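Read through the structure below, which is laid out as structure tokens, and then see the notes.
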């Protein structure tokens, strides 16, 4: 299979300006004449970012209160699922409205494994949730490989509506409408020692779940970032942007679409497992169509094709509603009116972003930064 480079993508995507694996070495000057201290290898750069993000996560979780810790734990599973959806929609161009159902697969798998008298270690349970969701995603991806646009959206919409209903049909196993209670495992002693050594604070179960979500989020984004900047990511972009050219180059379009759906489903399964641990419940009411639409709006606001955009969109999804609700209460609204104000403001934010930043927040900022850098680079020789 030939390594097809992706042509320029249409407006509205934030990934196309991202550097590939063959970038300038650390000791080579940039187009503006400056030298960069970043490693030339994509893997090393991502490892550096991972280390910095890990330190930042520890600091953030230690300086915030328990309620904020719980919000950050919620952010972790939203961001994991949104990162997988970014690969599918932003990188490969497939619109999915069924990621909430794939999260349900991961959540119920986690709940069933934890309900055993002697459950497996937690990493193995989360890995099982990823494997089961990946298998379901592969089946859906094969069935939807030849669908495009609204037809694919309709197929995944049927998945989002129908799959959580299986919990009601198999109520003896999956708990019906009440769902399954999840017994979140206690934090290991090593975690207590780590928290005591880092900050001297108490290692509560809420903080343990927040750290667990942060670890899963960092690992997921590290793997997705390397995948996106590899030959696989370039092939996905080629399939997204120029199907005919990609097929003429020998790329099997259906195979690569199924691969994108499978990777995205794996992230959704892990997100569902973390959700089950944080919420301590796996029930059909938690995986409605609203969840899938929320994930889609998060990546649109942040920027299609950008993992950072998926993170920012998820943060807006988690922190904006309670902020607006508290603001409405301060303005004298009752609890019901303040709660109804939050989705209205979120909708206004979505409309404003689509009008004034159609490439999303990250895509628009990056595009302007690249434009300014290109302008300075062009003006350099004339100024000299």
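Points to keep in mind about this one:
- Restricting 90, 84, 100 to those that are closer than 25 Å to residue 360 by Cα, in contact (Cβ under 8 Å) with a residue 40 or more places away in the chain, in contact with a strand residue (DSSP E or B) (Cβ under 7 Å, 6 or more places away or on another chain) and assigned to a helix (DSSP H, G or I) reduces the list to 90.
- Taking the listed residues 270, 218, 293, the one that is within 18 Å of the chain's Cα centre (by Cα), within 16 Å of residue 78 (Cβ to Cβ) and surrounded by 24 or more Cβ atoms within 10 Å (Cβ to Cβ) is 270, with no other qualifying.
- Qualifying residue in the stretch 362-373 (condition: in contact with a helix residue (DSSP H, G or I) (Cβ under 6 Å, 6 or more places away or on another chain), under 22 Å from residue 304 (Cβ atoms), in contact (Cβ under 8 Å) with a residue 40 or more places away in the chain and surrounded by 10 or more Cβ atoms within 10 Å (Cβ to Cβ)): yes
- Residue that is farthest from residue 91 (Cα to Cα), among those in the stretch 196-207 that are touching a helix residue (DSSP H, G or I) at 6+ places or on another chain (Cβ under 7 Å) and in a helix (DSSP H, G or I): 198
- Residue within the stretch 236-257 that is under 26 Å from residue 208 (Cβ atoms), surrounded by fewer than 23 Cβ atoms within 10 Å (Cβ to Cβ) and modelled with pLDDT under 90 present: no
- Residues of the stretch 332-375 that are over 26 Å from residue 299 (Cβ atoms) and modelled with pLDDT of 85 or more: 374, 375.
- Qualifying residue in the stretch 328-343 (condition: under 30 Å from residue 94 (Cβ atoms), in contact (Cβ under 8 Å) with a residue 40 or more places away in the chain and in contact with a helix residue (DSSP H, G or I) (Cβ under 9 Å, 6 or more places away or on another chain)): no
- Verdict on residue 112 being at pLDDT 85 or above, more than 20 Å from the chain's Cα centre (by Cα) and under 16 Å from residue 265 (Cβ atoms): no
- Qualifying residue in the stretch 180-195 (condition: within 18 Å of residue 291 (Cβ to Cβ) and in contact (Cβ under 8 Å) with a residue 40 or more places away in the chain): yes
- The condition of being out of contact with any helix residue (DSSP H, G or I) (no Cβ under 8 Å at 6 or more places or on another chain), assigned to a helix (DSSP H, G or I) and surrounded by 15 or more Cβ atoms within 10 Å (Cβ to Cβ) holds for only one of 157, 166, 152, that being 152.
The values are calculated or read from the model by the stated rules, or taken from the named source; none is laboratory data. Everything quoted here is computed from the prediction, not taken from an experiment. FYI the Cβ positions are ideal-geometry reconstructions off the backbone, even for glycines, and counts take in every protein chain you see.
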